[in-house]
Amino acid sequence: MSYDLLIIASDARSVTSFNHKDFEKLTGKYGMSAADWNDMVDAKAPRWTVDGTEMIFPAMDHYFANGRKLNISEAERKAYYQHRGSDDLRYLNGIFLADFCIRHGFSVEVINRLDTDYNQLEEMLALGPRAVAISSTFIPNRRRIIEIARWIKDRDRDVHVIVGGPLVRYSFMIHDQQPELAEHPMINALYFFQGNDQEPDPAIDALVVDARGEQTLVKILEKIRSGEDYRLLPNVACYDRNHRLTINPLDPEHLGVEEWQIDWENLDEKYLGSTVAMRGSIGCPMRCKFCSFVVLFPGWELKSVECLERELKSIGTRSFIKNICFTDDNVFLSRKDVNQYAKMMAGARLPFSWSGYVRISSITPENIRWFAESKCIGMSIGIESGDLQVLKNMRKVQNPDSILRSIELVNTHGISTASSFIVGFPGETEDTVGNTINLLNSFAESGPALNFYTAWVFAAIPLTPIDLERDRWKLKGYMCDWEHETMNVGEAHRQVQRFHKEVTRGAYIHYPYDDMALVASPDSHEKCLEALKLRHGLAVMDEYGQERFRGLTRSETLNQLEQNLYGARTKSAE
Ligand code: B12
Ligand code: SF4
C-alpha cells in the first residue's frame, strides 16, 4: 500500500540540536559556555530530576513509595507522561494540513511528535509515502530539519521531501530583506538560504516560501501524482542542476480565516486526540517590539463569533475530545471581543474544557465569570516584565498593578495561569529584573488555581520592530549573541538564573507534563501549592548548589515534600 503524504508536525528535540560549541566561540566574551546555551535556547529552568527523570507527580509517587528510589523503565517513564494527558495534544499545523490535503483528494498520515515517534516514522515510511512534508512550525532550526530529511532519504531515496512553514518563510524574508546577515553564524545555523546553505542539500527536494503554503503543497502533490516536475511552481525554492539555489516567483496565497474550516466532524479520529489545538484568528494587531510573529503575518483576521461558535460545536460532536487549546495570541485580545466570545462560549455549554493565550488588559470582573462558566482551565499570558519602563520599551501596554489584580481575579475563578517573561530587552538592568521578580513574588496565592512561569532570554531577531531601532538602543548582534546600552546576553542569562533563585512564591517553574494535570487534580489547593513550592526549592538547590531555599535545607525540603504528599510515610533523613 502506498499513500500520498506523510506530515511531520513537530519535534521537541529541535531546539537542543544546535552545535552549541560553535556558539560558545561567539558568546564566550559574555561569559557563556556551551552548556549555558542549551539552557538558554530552550528556556530551560532548573527542574528537580532523579536519575535523569524530571520529577513530575507520578514520578514522585513512585520515588516516595519505593523508599526514595526511582527504578523505572523507559516504558514506565513514557506511561507517566502519557498518563498526564498533555502528551496527547494534537498540533494544529498537522491537523490543518492533513484536513486540507485530504479534502483535495490525497491520502495522508501525520506524525504529531517525532521525538516520541521515531518508530512510527520508520513504519510510515515502510508503507511508501510519495512525499513527506516537514513542517517547521515546531522545528525552528535548519540543521535539525536537514538531519530529519537525511534520515528519511537514507531509508527511502525516492520519496519527495518538502519543507514549509514559518521557519522557511522567515528564512526567505531575511534572505530577501537583510542579505548582509547571510554569514552571521547564528543566522546561518538557524535559517535556510543563508551562507552555508548555498551548498545544496540533496535530502530536501523543495522548500515552500509562502507564509501559508497549503495550496502550493497541494499543487506539488498533484504534480508528483502525475509524474510532472514541481520545481518550477511559484512559491517553491530548490536547487537547480548546477547546484544553485533558485527561488521561483512568489504568488502569495490568501485563504481567509473563515474560508477554510477544518472538517472536525468527519476528520478521522487518528488525526485527533483528547486535546486538540484550534484557532480563532490569524495574525495580531499589536506590535510588541520583540515579536517575530507579526513579521510573518502582518495582518489580522478574526473569526466572527458565529463562525467560532459553529466550529466549537462541531468539535463538540467528537466525544473523545476533552480539551482544546487556542493557538492564537489574540482571540481574547480587546475587551469588546472578549466579552462577546466568552459570553458565547459560556452560553454554548461546550462538552470540553479549554485554555488559550489571553491578554491581561482584556480580563474584567464581568467577563471572567463567562470564562469560568465556559470551562476555561488555563490562560497563557505574555507578561514579559514587571517593570513599567521595560514594558513601555517593549510597547506592551500593561502595568504591574493591573497584572496583579488580573492574576488574582483569574485564580479566584479557578483558572490557572502560565506566564512568560523576557529578560534582557533594551532598557533592562539588574533593578528592572528585580521589579519583575517582585511582581511574581506578589502574585496572590489564595487559589483555588495555580500559577506557573517561564523566563526567556531576549533574542535579537532580524526584522522585528526592535531590530529596526538598533541605533536608538545601541543594539549590536543577532539572536542570542547581543549587547545593548544596558545589558548583554551573558548578563541576561545570569539574571534568568537569579529569577529562578529569587522567585520563592506566587508562581512556579513550569513542568510541561504536570501543569494541566495539577490544575485538574482532586487534591486540595494547599497541598498542590505546597508541593510546587518544595519541588521548586529542590530544583534550585540541586541546580545552583544552594544550601537552603526558603530557610530549609535539601533534606528538610525532601522530608516536608514527602510529608505533604503522603503524611505518615515520612523518613527522617534522606
Ligand atoms: C501555539 C504555539 C506554541 C505552543 C504549541 C501548543 C499548542 N497549543 O499548539 C507551544 C507553547 C508548545 C509552542 C512551543 C514553541 N514554539 Co510556538 N507557537 C505557537 C503559535 C502561537 C501557533 C502555532 C500554530 O499552531 N499555528 C496554526 C497553524 C495552522 O499555522 P502554522 O503552523 O503557521 O502552519 C501554517 C503554515 O505555516 C503552513 N505550513 C506549516 N507547515 C508546513 C509545511 C509545509 C511543507 C508547507 C507547504 C506549509 C506548512 O501551513 C499551515 C496552514 O497555513 C505560533 C505563532 C502563530 N500564531 O502561528 C508560535 C510559533 C510557531 N512558535 C515558535 C517557537 C519559536 C516555538 C518554540 C521553539 C519556542 C521555544 N524556543 O521553545 C517552541 C517549539 C517547541 C517544539 N519544538 O515543539 C515560532 C516558530 C518560529 C519558527 N518555526 O521559525 C512561532 C511562529 C512564534 C513566533 N515567534 O514567530 N508554541
Ligand atoms: S507578542 Fe503576541 S501580542 Fe505582542 S505582537 Fe506578538 S503576537 Fe501580538
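Points to keep in mind about this one:
- If only residues of the range 295-326 that are hydrophobic (A, V, I, L, M, F, W, C), touching a strand residue (DSSP E or B) at 6+ places or on another chain (Cβ under 9 Å) and touching a residue at least 60 places away in the same chain (Cβ under 8 Å) are counted, the one that is farthest from ligand 2 (Cβ to nearest atom) is Cys325.
- Failed condition for Cys291, given (1) more than 28 Å from Pro252 (Cβ to Cβ); (2) modelled with pLDDT of 95 or more; (3) not charged (D, E, K, R): (1)
- When the range 206-219 is limited to residues that are of a type in the set (D, E, K, R) and not in a loop (DSSP other than H, G, I, E, B), the one that is nearest to Ile282 (Cα to Cα) turns out to be Glu214.
- Selection within the range 391-426 - closer than 18 Å to Arg498 by Cα and in contact with a helix residue (DSSP H, G or I) (Cβ under 9 Å, 6 or more places away or on another chain): Ser419, Phe421, Ile422, Val423, Gly424, Phe425
- Selection from the range 442-464 of residues that are under 19 Å from Ala531 (Cβ atoms) and either modelled with pLDDT of 95 or more or not acidic (Asp, Glu) (or both): Phe443, Ala444, Ser446, Gly447, Pro448, Ala449, Leu450, Asn451, Phe452, Tyr453
- Where Glu259 falls short, out of the listed (1) in contact with an Asp or Glu (Cβ under 9 Å, 6 or more places away or on another chain); (2) within 22 Å of Tyr341 (Cβ to Cβ); (3) modelled with pLDDT under 95; (4) more than 13 Å from ligand 2 (Cβ to nearest atom): (1)
- Residues that are assigned to a helix (DSSP H, G or I), within 16 Å of ligand 1 (Cβ to nearest atom) and at pLDDT below 85 within the range 68-96 comprise Tyr81, Ser86, Asp87, Asp88, listed in sequence order.
- Some residue of the range 178-194 being modelled with pLDDT under 95, surrounded by fewer than 21 Cβ atoms within 10 Å (Cβ to Cβ), among the acidic types (Asp, Glu) and more than 25 Å from Ser292 (Cβ to Cβ): no
- When residues of the range 333-374 are limited to those that are part of a loop (DSSP other than H, G, I, E, B) and away from ligand 2 (no atom under 16 Å from the Cβ), the one surrounded by the most Cβ atoms within 10 Å (Cβ to Cβ): Ser374
- Close contacts from the range 458-485, counting a first residue that is under 21 Å from Val433 (Cβ atoms) and a second that is away from ligand 1 (no atom under 16 Å from the Cβ) and of a type in the set (Gly, Ala, Ser), with Cβ to Cβ under 9 Å and a gap of 6+ residues or different chains, come to Ala460/Gly477; Trp473/Gly427; Glu483/Gly477; Glu483/Gly490; His484/Gly427; His484/Gly477; Glu485/Gly427.
- Taken across the range 306-317, residues that are modelled with pLDDT of 95 or more and assigned to a loop (DSSP other than H, G, I, E, B) do occur, with at least one present.
- Residues in the range 318-377 that are within 23 Å of Tyr91 (Cα to Cα) and hydroxyl-bearing (Ser, Thr, Tyr): Ser319, Thr327, Tyr341, Ser353, Ser355, Tyr357, Ser374.
- Here the range 127-148 is the region considered, the condition is being modelled with pLDDT of 95 or more and among the aliphatic types (A, V, I, L, M), and the residue that is surrounded by the most Cβ atoms within 10 Å (Cβ to Cβ) is Ala133.
- Filter result (crowded, with 23+ Cβ neighbours inside 10 Å and over 16 Å from Asp401 (Cα atoms)) within the range 426-448: Pro426, Glu428, Val433
- Hits in the range 263-284 (condition: in a strand (DSSP E or B) and of a type in the set (S, T, N, Q)): Thr275, Ser281
- Any hit, the range 159-168, residues being surrounded by 18 or more Cβ atoms within 10 Å (Cβ to Cβ), closer than 24 Å to Ser2 by Cβ, within 22 Å of the chain's Cα centre (by Cα) and not aliphatic (A, V, I, L, M): yes
- Among (1) within 16 Å of ligand 2 (Cβ to nearest atom); (2) in a helix (DSSP H, G or I), the one test that Ser380 misses: (2)
- Complete set of residues in the range 220-241 that are in contact with a strand residue (DSSP E or B) (Cβ under 9 Å, 6 or more places away or on another chain), modelled with pLDDT of 95 or more and outside any loop (DSSP other than H, G, I, E, B): Ile220, Leu221, Ile224, Arg225, Val236, Ala237
- Residue that is nearest to ligand 1 (Cβ to nearest atom), among those in the range 156-193 that are small (Gly, Ala, Ser) and part of a helix (DSSP H, G or I): Ser171
- Any hit, the range 385-396, residues being within 16 Å of ligand 1 (Cβ to nearest atom), surrounded by fewer than 22 Cβ atoms within 10 Å (Cβ to Cβ) and among the basic types (Lys, Arg): yes
- Flag for Ile360 being over 22 Å from Glu265 (Cα atoms) and touching a residue at least 12 places away in the same chain (Cβ under 8 Å): yes
- Of all residues in the range 265-279 being of a type in the set (Gly, Ala, Ser) and more than 11 Å from ligand 1 (Cβ to nearest atom), the one that is farthest from Ser171 (Cα to Cα): Ser274
The values are calculated or read from the model by the stated rules, or taken from the named source; none is laboratory data. All values derive from a computational prediction rather than experimental measurement. Note that each Cβ is placed from the backbone with ideal geometry, even for glycine, and that neighbours are counted across all protein chains shown.
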